[in-house]
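> Would you mind keeping the following structure in view while I ask a few things?
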Amino acid sequence: MVHNKTFQKNLVKSVRCCFVLFSLCIWFACAPEEKTGVTAQARPVKIFHIKKPALTQTRAFPGVAREMRDVQLAFRVSGPLVALPVDIGQFVEQGALIARIDPRDFTVEVKSLNAKLAASRAQLTEAQLQYTRYKNLHRKKAVPKAEYDHAQAAYDMTAAQVETNIQALEAAQNALDDTALRAPFDGYVHHKFVENYDNVLAKQPIITFLDCSVVEVTAGIPEEMVADGIEFKGYGCSFDAYQGKRFPAQLKELGRKSQPSNQTYPLTVTLAPPESMSIRPGMAATIFVTYATPSTAPPIIVPGESVVNDKEGKSFVWIYEKKNGSVKKQYVRLGRLMSGGIEVTGGLTHGVSVVTAGAPLLVPGQKVYPLASARNL
């Protein structure tokens, strides 16, 4: 009986000793080593990466495509139309006939002025002979000066009449040429204001003609984009009708005055549309503007849980060193409390990574490994 009691007491003592030893092993395995600053096992943490500020940024603005030129073509002369061989939407090459006025009256005028010019030139030849004859006689004092002056005046008047007839003939020829209205450039007929056989007047619009060889896109940009220090680097354009495709563009103009409707500044870019795509005026578009960021770097903001205070109340963060998979303590100077975290005004630079979740449990040199759910800035 005594032997059994003794055996039970020894068994209890042995179990207690084993439990204590096991607890000590667990404590030493998990507790940080204050002297060396390194734990035996890497701890999982969340990492917050402070990205370096980009040298350029890109913003998108909604816009509308439009033609390069939109002109109304008209005759310089009046008369009845005898030809209008174009239809709305038709492509017309430069120099091709768009409309014609009956040229008969203009042809008659040209022929009449040609005859007048020929007669005046004949008269000029005769007047020149008379003038030369009287000039020689006057030198010999064979005729009075009055007769010589009369011959000279007749020659000058005939020469002036020839010049007048030449100019009248040129005007009549131009009017005859203007009876044919031709395309000033490659383009499309957008609208017709008259029909064939209508009697049209000079400067009366005949058609609206569009130049779509180059597409223009205009969008409104806010005032902060035109402030001093913003330098535009490049432009691109996409169209809702062609999702996923972006085309390079060139700046045409940037308005100096804001639009009253929305207080934005009109920005217009140009691009040559691909032959395989039909980009029409009025299509919805988006302009992408790439610009250099200001020289001043944006503020550094870190999550609130990444900031730890030591016994003296000084704030620090743990910087994750990817090369050796450990952390180091970095004291920081804090600024304002922001919506995304706490502003750091000193002690940190862009491009480093700090620990967020698990920061209060770390020691210098602690081995850690980041979780996949890390956040970036």
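The values are calculated or read from the model by the stated rules, or taken from the named source; none is laboratory data. The structure displayed is predicted, hence computed values, not measured ones. No Cβ is skipped: glycine too gets one built from the backbone with ideal geometry, and neighbour counts run over all protein chains shown.
> Is it the case that segment 210-232 has a residue that's within 30 Å of Leu176 (Cα to Cα) and either part of a loop (DSSP other than H, G, I, E, B) or in contact with a strand residue (DSSP E or B) (Cβ under 8 Å, 6 or more places away or on another chain) (or both)?
Yes, segment 210-232 contains a residue that is within 30 Å of Leu176 (Cα to Cα) and either part of a loop (DSSP other than H, G, I, E, B) or in contact with a strand residue (DSSP E or B) (Cβ under 8 Å, 6 or more places away or on another chain) (or both).
> Quick one: which of Ile287, Ile279 is among the aliphatic types (A, V, I, L, M), under 33 Å from the mean Cα position of the chain (by Cα), at pLDDT 85 or above and not in a strand (DSSP E or B)?
Step by step, each of Ile287, Ile279 is checked, and only Ile279 is among the aliphatic types (A, V, I, L, M), under 33 Å from the mean Cα position of the chain (by Cα), at pLDDT 85 or above and not in a strand (DSSP E or B).
> Determine which single condition Glu109 fails, assuming it passes every other condition in (1) outside any helix (DSSP H, G or I); (2) surrounded by 15 or more Cβ atoms within 10 Å (Cβ to Cβ).
(1)
> I'd like the residue in segment 295-341 that is touching a Pro at 6+ places or on another chain (Cβ under 6 Å) and of a type in the set (Gly, Ala, Ser) and, out of all such residues, is surrounded by the most Cβ atoms within 10 Å (Cβ to Cβ).
Gly341
> Quick check on this structure: which one of Glu67, Glu34 is assigned to a strand (DSSP E or B), modelled with pLDDT under 95 and of a type in the set (Asp, Glu)? Write out each step before concluding.
Working: Glu34 fails: assigned to a strand (DSSP E or B).
On inspection, the qualifying residue turns out to be Glu67.
> Consider Glu312 carefully, then state whether it is outside any loop (DSSP other than H, G, I, E, B) and acidic (Asp, Glu).
Details: outside any loop (DSSP other than H, G, I, E, B): no; acidic (Asp, Glu): yes.
Judged against the criteria, Glu312 is not a match.
> Considering segment 167-195 alone, what residues qualify as being loosely packed, with under 15 Cβ neighbours inside 10 Å and of a type in the set (A, V, I, L, M)?
If the condition is that a residue be loosely packed, with under 15 Cβ neighbours inside 10 Å and of a type in the set (A, V, I, L, M), then Ala171, Ala180 are the ones that fit.
> Sort out which residues of segment 144-191 are part of a loop (DSSP other than H, G, I, E, B) and free of Cβ contacts under 8 Å to residues at least 24 places away in the same chain, and write them in order of number.
Matches in segment 144-191: Pro144 only.
> So, one more: Only one of Lys328, Lys257, Lys233, Lys245 is of a type in the set (D, E, K, R) and in the same structural domain as Ser339 (by TED's automatic domain parsing). Can you tell me which? Reasoning before the result, please.
Working: Lys257 fails: in the same structural domain as Ser339 (by TED's automatic domain parsing); Lys233 fails: in the same structural domain as Ser339 (by TED's automatic domain parsing); Lys245 fails: in the same structural domain as Ser339 (by TED's automatic domain parsing).
Every option except Lys328 fails the conditions.
> Scan segment 318-336 for residues that are in a strand (DSSP E or B) and out of contact with any Gly (no Cβ under 8 Å at 6 or more places or on another chain) and jot them down.
Pass one, segment 318-336, residues in a strand (DSSP E or B): 318-321, 326-331, 333-336.
Residues satisfying the conditions are Trp318, Ile319, Tyr320, Glu321, Lys329, Leu334, Gly335, Arg336.
> For segment 131-156, enumerate the residues that are loosely packed, with under 15 Cβ neighbours inside 10 Å and under 18 Å from Ser120 (Cβ atoms).
The answer is Ala153, Asp156.
> Could you list all residues from segment 253-276 that are modelled with pLDDT of 85 or more and surrounded by 16 or more Cβ atoms within 10 Å (Cβ to Cβ)?
Ser258, Thr264, Tyr265, Pro266, Leu267, Thr268, Val269, Thr270, Leu271
> Report yes if Gln167 is within 54 Å of the chain's Cα centre (by Cα) and either not assigned by TED's automatic domain parsing to the domain that holds Ser78 or not aliphatic (A, V, I, L, M) (or both), otherwise no.
Numbers: within 54 Å of the chain's Cα centre (by Cα): yes; either not assigned by TED's automatic domain parsing to the domain that holds Ser78 or not aliphatic (A, V, I, L, M) (or both): yes.
Spelling it out, Gln167 is indeed within 54 Å of the chain's Cα centre (by Cα) and either not assigned by TED's automatic domain parsing to the domain that holds Ser78 or not aliphatic (A, V, I, L, M) (or both).
> Can you tell me which of Asp228, Asp211 is surrounded by 15 or more Cβ atoms within 10 Å (Cβ to Cβ), over 16 Å from the mean Cα position of the chain (by Cα) and at pLDDT below 95?
Details: Asp228 fails: surrounded by 15 or more Cβ atoms within 10 Å (Cβ to Cβ).
So the residue among Asp228, Asp211 that is surrounded by 15 or more Cβ atoms within 10 Å (Cβ to Cβ), over 16 Å from the mean Cα position of the chain (by Cα) and at pLDDT below 95 is Asp211.
> In segment 70-85, is there at least one residue being part of a helix (DSSP H, G or I) and acidic (Asp, Glu)?
Within segment 70-85, the first condition is being part of a helix (DSSP H, G or I), and the residues that meet it are none.
Checked segment 70-85: no residue is part of a helix (DSSP H, G or I) and acidic (Asp, Glu).
> Which residue out of Ile319, Ile301 is at pLDDT 85 or above and not charged (D, E, K, R)? If you could, list the steps in order and put the result at the bottom.
Working: Ile301 fails: at pLDDT 85 or above.
Every option except Ile319 fails the conditions.
> May I pose another question? Consider only pairs whose beta carbons are under 7 Å apart and that are at least six residues apart or on different chains; among these, list those whose first residue lies in segment 345-359 and is over 12 Å from Lys328 (Cα atoms) and whose second residue is in a loop (DSSP other than H, G, I, E, B) and basic (Lys, Arg).
So the pair list comes out as His350/Lys51; His350/Lys52; Gly351/Lys52; Thr356/Lys46; Ala357/Lys46; Gly358/Lys46.
> For segment 210-261, which positions are of a type in the set (Phe, Trp, Tyr) and farther than 30 Å from Ile88 by Cβ?
Result: Phe232, Tyr235.
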